[in-house]
Amino acid sequence: MPHIVSPRQVAASLTEFWSPRVVGEVDEAYIKVAKVQGSLVWHSHEAEDELFLVLKGHLRLELEDGAVELDEGEMFVVPKGVRHNPVAEQECHLLLIERKSTLHTGAEVTERTRSVAEQLRPL
């Protein structure tokens, strides 16, 4: 029996900001949702691209050469090796697609950094 998931509903039900949860996987990639507000941390993923899709709200992706502003329904791929910092002035819900090897905040570790095990916790 196929497992149906509503990324919007899962994101809305999350109780922690900046704590992505895995809702599916495709080949070597995880599909994650997150509820965010405020600023995460400047970081990069040296060997992996990262897709951000806004499910609800507005997200600013600060990049070293400017910023990308995303509204609901819009997406952007941060290329591997590009330093970025996600920022949401108000609560924002995201769908992320990342390789399974992608570390949450790259080589930067803060109190907001989540391990893959934490991201795989049951919903």
Task: Test: residue in region 36-47 that is among the charged types (D, E, K, R) and at pLDDT 95 or above - done: no
Task: strands (runs of 3 or more DSSP E) contained entirely in region 1-59, each with at least 1 residues that are exposed (fewer than 13 other Cβ atoms within 10 Å of the Cβ) - done: 21-26
Open item on the list: Name the residue that is surrounded by the most Cβ atoms within 10 Å (Cβ to Cβ), counting only residues in region 98-111 that are out of contact with any strand residue (DSSP E or B) (no Cβ under 8 Å at 6 or more places or on another chain) and modelled with pLDDT under 90.
Closed with: HIS104
- [ ] For region 74-97, state whether one or more residues are part of a loop (DSSP other than H, G, I, E, B), at positive phi, in contact with a strand residue (DSSP E or B) (Cβ under 7 Å, 6 or more places away or on another chain) and not hydroxyl-bearing (Ser, Thr, Tyr).
- [x] no
TODO: Return the pairs, sorted by first residue and then second, in which the second residue is in a helix (DSSP H, G or I) and at pLDDT below 95, the first residue lies in region 5-31 and is within 16 Å of ARG99 (Cβ to Cβ), the beta carbons are less than 6 Å apart, and the residues are 6+ apart or on different chains.
DONE: PRO20/GLN119; VAL22/GLN119
Task: ARG114 vs. criteria in contact (Cβ under 8 Å) with a residue 12 or more places away in the chain, part of a loop (DSSP other than H, G, I, E, B) and not hydrophobic (A, V, I, L, M, F, W, C) - done: yes
- [ ] Output the residues belonging to region 64-73 that are at negative phi and in a strand (DSSP E or B).
- [x] ALA67, VAL68, GLU69, LEU70, ASP71
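The values are calculated or read from the model by the stated rules, or taken from the named source; none is laboratory data. Please read these numbers as outputs of a predicted model, since none were measured by experiment. Quick reminder, even Gly has a Cβ in these numbers, built from the backbone with ideal geometry, and neighbours come from all protein chains shown.
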